[in-house]
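J.: Can you keep this structure in mind? I'll have questions shortly.
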Amino acid sequence: RVDVAAAACVALAGSATASLGARLASKLDAKMLKRALGVFMLAVAPVVPFKDRLLVAVDDLKQAAAKEEQDPPSAGTSGANASAAGATLQQYVGDVSRLARLLAIGAASGVLAGLFGVGGGAVVVPLLALSIPDMDHKTALGTSLLAMVPTAAVGVVAHARLGNVQARVAAPLLVGTALGAGLGGQLAASDHMPEHALKLGFGAMMLVLGGRTLAAACDDLIFHGSRAACSVRERSERRRGAVAV
């Protein structure tokens, strides 16, 4: 289940912005990036599981606004022509709006992929869930995987030029990720795997990974802070000893 046209739009914009994210990552502190990634994952965690409730609330607001702006229908042929023209215009506006949303998703995913190293699961899937309501979760998964192939490639090249890629680590990760992605894709696409279970699993995974990433970043901050405090204390004691002598 892949929306090739949607994936192409996301990939086009993502490929254009991935190098920007990589350049930003090289200029920012690694510990700060780790903390930001943890917060981002925790924020994303509830989006997919609660997608339906969010969309229902948005639809209610849209329907209420449409009822207030709706004009009484006109009689005769002129009314029918006006209705047809209005429907055509509405479809055109909807297509343009969909294209703009997909390009915006791609631009955001490219920057975040280059900045945090996250893939389509953490970025594209939640954004598709909220921005493209008629796309089911399994299609969003397949579409995000296809869209992130060129985006990830551009991000890797940008990071490699900055010296941020360790080939000895990346090679086995590449093999394991390819095997895992193939198996996971087959399980997700299977009719025996209910969509609500995938949504809950996605939210739980983001919650656990975000929490662990943030906790590790905070532990590093506390550890380095303790070391800095110990260094200051040792220097102070040395100075006191030198003065005593």
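Each reported figure results from applying straightforward, stated rules to the coordinates on display, with no laboratory input. Computed from a prediction, not measured in an experiment: that's the story for all the values here. Don't worry about glycine lacking a Cβ; one is built from the backbone with ideal geometry, like all the others, and counts go over all protein chains shown.
J.: Can you give the FRET efficiency for Val39 and Asp191, using 1/(1 + (r/R0)^6), R0 = 51 Å, r = Cβ-Cβ distance, to the nearest 0.05?
T.: Efficiency at R0 = 51 Å is approximately 0.90.
J.: In whole angstrom, how far apart do the alpha carbon centroids of the stretch 154-225 and the stretch 111-139 sit?
T.: Measuring centre to centre over Cα atoms gives 14 Å.
J.: Oh, and also: Rank-order 161-172, 12-23, 29-40 by packing density, defined as the average count of other C-beta atoms within 10 Å over each peptide's residues, highest first.
T.: 12-23, 29-40, 161-172
J.: If each residue of separation counts as 0.36 nm, what is the full-extension length gain between Gln166 and Leu20 once their alpha-carbon separation is subtracted?
T.: Length gained, Gln166 through Leu20: 50.5 nm.
J.: Based on the alpha-carbon gyration tensor of the stretch 2-52 and its eigenvalue square roots a ≥ b ≥ c, which shape applies: rounded if a/c is under 1.5, prolate if not and a/b is larger than b/c, or oblate?
T.: Note, shape of the stretch 2-52 comes out oblate.
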